[in-house]
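Report on the following structure.
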Amino acid sequence: IQRFFRNKGVTQLIKKCNDFGAGGVSVAIGELADGLEINLDVLPTKYDGLNGTELAISESQERMAVVVEAKDVEKFIRLAEEENILAVEVAKVTSDDTLTMYWQGQKIVNLSRKFLDSNGASKTNQAQVNIDEKIFPDKKVTLTGDSITKELSSLAHCSQKGLIEKFDSTVGRTTVLMPLGGKNQLTPAEGSVQTFPVQQGETSMVSLASWGYSPEISKKSPLHGGAFAVVESVAKMVALGADYKKIRFSFQEYFERLGTDPVKWGKPLSALLGSVQAQLAFECAAIGGKDSMSGTFKDIHVPPTLISFACATGKKQNIISPEFKQAGNYIYLFNHKVLEDEMPDYEQLKKVYNWLHQQILDKKAVSVKTVKNCHPALELAKMSFGNDLGAEVTVKEEISIIGSLLIESTEELSHPELELLGKVIKEPVLRINSQVFEISKLKESYEKTLEPVFASKTEDVQPYKEIRVEKQSQALTPRKYETVAKPKVVIPIFPGTNCEYESIKVFEKEGAEVVPVIINNLNLNRLSSSIQALEKELQSSHIMMLPGGFSAGDEPDGSAKFMVSILKDEKIKTEVHNLLDRGGLILGICNGFQALVKSGLLPYGQIQDSEVTSPTLTHNQIGRHISQMVTVKVVSDQSPWLKGMEGQTFTIPVSHGEGRFYAEEDKIRELIETSQIATQYIDSEGNPAMEMPFNPNGSAYAIEGLVSKCGQIYGRMGHPERYAEGFMKNVPDSRFHNIFKNGVEYFRNTGNNQEAGYTKSELYQK
């Protein structure tokens with residue numbers, strides 16, 4: 001579906017579209033037109049035996065409902081099948097404004113649209129709004145080592161690193177900010193920033209998104225909760241570099257079962273009024289929303305919940321992140337002063353936010369951090385964690401209300417609402433007033449709370465054990481193709497992979513001709529045709545790439561299971577070996593690397609059955625999926641993919657659940673002797689690393705990538721194809737490992753072509 005909906009020829013056929021969520025067919029299809037005739041008997045199902053009601057209301061969130069013209073039905077279904085997607089005509093739009101459903105040949109639903117649009121019988125209820133306590137009690141914080149570490153370890157402020165890393169933050173090649181920034185990847189970003197996924201070329205346009213909600217405020221007063229949810233989401237957008245005037249909102253509400261109690265009805269009413277007041281004050285409108293139904297279980301109730309989601313567009317070059325950037329920079333505090341009724345001072349906020357946006361555009365403000373009903377020292381600590389830069393400040397004892405901001409600037413700023421606190425310092429300490437707090441100790445408190453629930457570290461990590469060999473043999477390169485101006489790259493697209501989009505783009509940018517081949521397994525005939533198509537394309541190819549991704553779920557072996565079964569098909573096996581014999585190259589990334597290892601192409605250089613002692617890739621040592629940035633070092637350039645890169649380091653994304661390379665020690669010794677260990681995970685000192693976060697999966701000998709003995713095959717876990725200029729801005733030294741250019745240039749370089757060549761049989765004899 002991700003690829004399908006990028007197809008211009010497909011999207012131009014679609015008149016309306018709905019995703020299947022709560023309510024199933026009834027809602028997803030029922031909302032599409034006034035008159036509908038739905039045939040439940042033709043719905044594809046996972047389970048047999050569902051009755052008509054179950055078919056009509058079952059959730060099925062991996063499905064989409066689309067409306068196309070009757071003349072386009074066959075064309076749409078054909079295009080879907082070509083993309084390995086099952087499409088079925090399930091309903092017709094009618095002119096009688098009636099929703100009808102048929103099951104087993106009988107009409108089981110017959111409702112007029114007029115009735116459906118009436119929302120049933122009209123209902124009324126009294127609502128009573130109560131605000132009987134102070135929202136922001138006067139609170140001063142006496143800073144001590146115990147007080148600041150206690151707050152940093154609280155659920156309101158502690159690290160969520162182990163939870164965040166479970167989600168793939170870099171898929172799609174659009175990520176401008178990683179969720180956690182700095183060299184330590186510990187300072188939380190204020191929101192999500194992604195470039196638009198344009199089909200051709202690159203774009204500097206980005207989408208920004210953030211959220212706001214305070215359960216503490218909302219429990220006291222949903223009115224204030226709704227208003228400050230909007231303020232918080234706006235403040236985060238400003239901290240990212242957005243122009244607040246371009247923001248639009250969407251809201252999600254979640255309240256206890258209301259019944260007929262006026263006090264309960266007053267909670268969503270007042271929350272709505274608070275959010276509307278904020279929208280009117282900022283002159284920014286809501287464009288969407290979602291309700292989550294009743295939040296009551298027996299006598300347990302959710303707190304009054306109205307979450308504000310803010311979104312806007314901007315430019316990649318104007319995006320900033322909150323970790324401290326450089327010693328000597330100035331630190332300012334903007335303190336939001338609420339009005340007498342404790343509602344936000346919107347005029348103050350708008351003036352400061354508008355002014356600050358210009359300072360960001362002028363490259364004066366280089367990091368901004370929101371402060372949420374706490375002492376600024378807590379947020380100063382988080383700004384320090386990313387790059388181990390400290391701060392020397394003088395700050396008052398009062399907490400700062402939602403809407404307040406900490407600002408790091410390269411030069412002195414002048415604004416009546418800003419207070420100069422001090423400067424960023426190189427020493428990893430916070431000097432606050434007369435006290436000194438070590439960043440390392442604060443970091444321990446910050447990271448420990450959720451570690452038992454969402455682990456971010458592994459225990460009992462064995463230190464790196466270096467295996468020394470007396471002499472490394474040099475890899476030999478077989479004969480290559482004649483040089484060509486536009487090498488051909490074949491990328492098979494398997495069910496479950498979702499990195500082909502970025503893989504195609506990086507090869508095309510280097511001037512290659514890229515031919516994607518969809519492996520279609522809707523039925524045996526289509527699978528056979530796919531294999532034939534891949535066989536044909538491989539016959540004239542220079543490079544085969546196996547992409548990564550896990551849109552079908554990162555289950556054991558992921559998409560690699562299917563990749564290996566295709567590679568072992570006799571026709572494909574023959575063409576892969578022919579490709580290698582004539583000097584072609586093979587690249588596998590993430591699941592593609594796994595397929596190379598499971599098929600025998602790595603480290604053996606040919607497709608063969610695995611043995612008990614064969615190297616493998618298995619579950620990450622931490623026992624879960626991990627998405628972050630890692631630094632790798634090229635330790636052997638005995639491959640066209642890595643030529644001239646030996647000794648260089650690159651910081652790139654990883655995202656996998658099974659990336660741990662394992663082999664027996666004698667096999668690793670052999671890989672060292674033949675220069676097949678290509679890239680290793682390294683720590684901040686440049687040494688091979690076994691511990692997290694440097695080695696994210698616990699790979700033996702810190703192995704991130706391998707090459708074959710002949711050097712033509714390269715497999716790795718990292719995703720260099722997901723990087724582009726201006727991406728991952730909040731992780732220092734992020735750098736494009738352009739193995740793709742090396743692979744393409746290999747077939748253009750006549751100088752390399754003068755080397756003596758060997759047939760594969762000669763190579764293995766040697």
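If I filter region 116-137 for residues that are open to solvent by 40 Å² or more (accessible area, probe 1.4 Å), over 41 Å from the mean Cα position of the chain (by Cα) and closer than 30 Å to LEU43 by Cα, do I get at least one hit?
Within region 116-137, one or more residues are open to solvent by 40 Å² or more (accessible area, probe 1.4 Å), over 41 Å from the mean Cα position of the chain (by Cα) and closer than 30 Å to LEU43 by Cα.
Would you mind finding the one in LEU79, LEU32 that is in contact with a helix residue (DSSP H, G or I) (Cβ under 7 Å, 6 or more places away or on another chain) and touching a residue at least 24 places away in the same chain (Cβ under 8 Å)? Talk me through it step by step, then tell me what you get.
Numbers: LEU32 fails: in contact with a helix residue (DSSP H, G or I) (Cβ under 7 Å, 6 or more places away or on another chain).
Of LEU79, LEU32, the one residue that is in contact with a helix residue (DSSP H, G or I) (Cβ under 7 Å, 6 or more places away or on another chain) and touching a residue at least 24 places away in the same chain (Cβ under 8 Å) is LEU79.
Every residue in region 32-63 that is open to solvent by 80 Å² or more (accessible area, probe 1.4 Å) and either within 25 Å of PHE494 (Cβ to Cβ) or aliphatic (A, V, I, L, M) (or both), please.
The answer is LYS46, ILE57, GLN61, GLU62.
Just checking, how many residues over region 9-21 are more than 25 Å from the chain's Cα centre (by Cα) and among the hydrophobic types (A, V, I, L, M, F, W, C)? Write out each step before concluding.
Step one: list which residues in region 9-21 are more than 25 Å from the chain's Cα centre (by Cα), which gives 9-10, 12-16.
The next check asks that each one be among the hydrophobic types (A, V, I, L, M, F, W, C); those that pass are 10, 13-14.
Of the residues in that region, 3 qualify.
Hey, does region 320-336 have a residue that's in contact with a Gly (Cβ under 7 Å, 6 or more places away or on another chain), polar (S, T, N, Q) and over 30 Å from LYS423 (Cα atoms)?
No - not one qualifying residue is present in region 320-336.
Just checking, how many residues over region 166-217 are among the basic types (Lys, Arg), in contact with an Asp or Glu (Cβ under 9 Å, 6 or more places away or on another chain) and open to solvent by 50 Å² or more (accessible area, probe 1.4 Å)?
First, pick out the residues of region 166-217 that are among the basic types (Lys, Arg): 166, 173, 183.
Of the ones still in play, those that are also in contact with an Asp or Glu (Cβ under 9 Å, 6 or more places away or on another chain) are 173, 183.
After this cut, where a residue has to be open to solvent by 50 Å² or more (accessible area, probe 1.4 Å) as well, the list is 183.
The qualifying residues number 1.
For the structure I just gave you, tell me whether PRO376 is touching a helix residue (DSSP H, G or I) at 6+ places or on another chain (Cβ under 8 Å) and touching a residue at least 24 places away in the same chain (Cβ under 8 Å).
So PRO376 does not fit the description; no.
Given (1) touching a strand residue (DSSP E or B) at 6+ places or on another chain (Cβ under 8 Å); (2) in contact (Cβ under 8 Å) with a residue 24 or more places away in the chain; (3) of a type in the set (Val, Ile, Thr); (4) crowded, with 16+ Cβ neighbours inside 10 Å, identify the lone condition not met by VAL27.
(2)
Where the second residue is part of a helix (DSSP H, G or I) and not hydroxyl-bearing (Ser, Thr, Tyr) and the first is farther than 13 Å from VAL654 by Cα and free of Cβ contacts under 8 Å to residues at least 60 places away in the same chain and lies in region 692-710, which pairs have Cβ atoms under 9 Å and are six or more apart or on separate chains?
Qualifying pairs under 9 Å: ALA700/GLU665; ALA700/ILE668; ILE703/ILE668; ILE703/LEU671.
Restricting attention to region 475-484, does a residue exist that is assigned to a loop (DSSP other than H, G, I, E, B), at pLDDT 95 or above and buried (at least 16 other Cβ atoms within 10 Å of the Cβ)? Can you show your working first?
Within region 475-484, the subset assigned to a loop (DSSP other than H, G, I, E, B) is 475-484.
Keeping just the survivors that are at pLDDT 95 or above gives none.
No, region 475-484 contains no residue that is assigned to a loop (DSSP other than H, G, I, E, B), at pLDDT 95 or above and buried (at least 16 other Cβ atoms within 10 Å of the Cβ).
Mind listing whichever residues of region 260-273 are closer than 22 Å to LYS220 by Cβ and either open to solvent by 50 Å² or more (accessible area, probe 1.4 Å) or free of Cβ contacts under 8 Å to residues at least 60 places away in the same chain (or both)? Quick ask: steps written out before the conclusion?
Initially, region 260-273 is screened for residues closer than 22 Å to LYS220 by Cβ, giving 261-273.
Scanning region 260-273 gives ASP261, VAL263, LYS264, TRP265, LYS267, PRO268, LEU269, ALA271, LEU272, LEU273.
Can LEU617 be described as open to solvent by less than 10 Å² (accessible area, probe 1.4 Å), in contact with a strand residue (DSSP E or B) (Cβ under 7 Å, 6 or more places away or on another chain), within 18 Å of ILE543 (Cα to Cα) and not aromatic (Phe, Trp, Tyr)?
On the way: open to solvent by less than 10 Å² (accessible area, probe 1.4 Å): yes; in contact with a strand residue (DSSP E or B) (Cβ under 7 Å, 6 or more places away or on another chain): yes; within 18 Å of ILE543 (Cα to Cα): no; not aromatic (Phe, Trp, Tyr): yes.
The answer is no for LEU617.
Within region 740-750, take every residue that is closer than 30 Å to MET205 by Cα and in contact with a Ser or Thr (Cβ under 9 Å, 6 or more places away or on another chain) and give me the one that is least open to solvent (accessible area, probe 1.4 Å).
So, considering only residues that are closer than 30 Å to MET205 by Cα and in contact with a Ser or Thr (Cβ under 9 Å, 6 or more places away or on another chain), the one least open to solvent (accessible area, probe 1.4 Å) is PHE740.
Please determine whether any residue of region 238-247 is open to solvent by 20 Å² or more (accessible area, probe 1.4 Å) and in contact with a Pro (Cβ under 9 Å, 6 or more places away or on another chain).
Within region 238-247, none of the residues are open to solvent by 20 Å² or more (accessible area, probe 1.4 Å) and in contact with a Pro (Cβ under 9 Å, 6 or more places away or on another chain).
Is one or more of the residues making up region 265-276 closer than 29 Å to TYR332 by Cβ and either of a type in the set (A, V, I, L, M) or not in a helix (DSSP H, G or I) (or both)?
No, region 265-276 has no match at all.
Just name the residue that is most open to solvent (accessible area, probe 1.4 Å) out of those in region 520-568 that are modelled with pLDDT of 95 or more and among the β-branched types (Val, Ile, Thr).
ILE531
Among THR674, THR649, THR679, which is touching a Gly at 6+ places or on another chain (Cβ under 8 Å), closer than 22 Å to ALA595 by Cα and polar (S, T, N, Q)? Working first, answer last.
Working: THR674 fails: touching a Gly at 6+ places or on another chain (Cβ under 8 Å); THR649 fails: closer than 22 Å to ALA595 by Cα.
Only one candidate passes the filter, namely THR679.
From the residues in region 661-680 that are among the polar types (S, T, N, Q) and touching a strand residue (DSSP E or B) at 6+ places or on another chain (Cβ under 7 Å), which one is modelled with the lowest pLDDT?
From region 661-680, those among the polar types (S, T, N, Q) are 674-676, 679-680; that's our starting set.
Subset that is touching a strand residue (DSSP E or B) at 6+ places or on another chain (Cβ under 7 Å): 676, 679-680.
Values: GLN676: 94, THR679: 97, GLN680: 97.
Ranking the qualifying residues of region 661-680, first place goes to GLN676.
Testing LYS71 on (1) of a type in the set (D, E, K, R); (2) closer than 14 Å to LEU13 by Cβ; (3) in contact (Cβ under 8 Å) with a residue 60 or more places away in the chain; (4) open to solvent by 50 Å² or more (accessible area, probe 1.4 Å), one condition comes back false. Which one is that?
Evaluating LYS71 over (1) of a type in the set (D, E, K, R); (2) closer than 14 Å to LEU13 by Cβ; (3) in contact (Cβ under 8 Å) with a residue 60 or more places away in the chain; (4) open to solvent by 50 Å² or more (accessible area, probe 1.4 Å) leaves (3) as the failure.
Checking the structure you have, find out if any residue of region 686-703 is acidic (Asp, Glu) and touching a strand residue (DSSP E or B) at 6+ places or on another chain (Cβ under 8 Å).
Taking region 686-703 as the starting set, the residues that turn out to be acidic (Asp, Glu) are 691.
Retained after the next criterion (residues that are touching a strand residue (DSSP E or B) at 6+ places or on another chain (Cβ under 8 Å)): none.
No, region 686-703 has no match at all.
Taking the residues in region 419-442 that are touching an Asp or Glu at 6+ places or on another chain (Cβ under 9 Å) and under 30 Å from ASN697 (Cα atoms) as candidates, determine which candidate is surrounded by the fewest Cβ atoms within 10 Å (Cβ to Cβ).
Checking each candidate, the answer is SER440.
The values are calculated or read from the model by the stated rules, or taken from the named source; none is laboratory data. Note that the coordinates shown come from a computational prediction; the quantities given were computed from them, not determined experimentally. Cβ sites come from the backbone with ideal geometry, for glycine too, and all protein chains shown count toward neighbours. All accessible areas refer to the heavy atoms of the entire protein, side chains included, with ligands and DNA or RNA removed. Shrake-Rupley method; radii C 1.70, N 1.55, O 1.52, S 1.80 Å.
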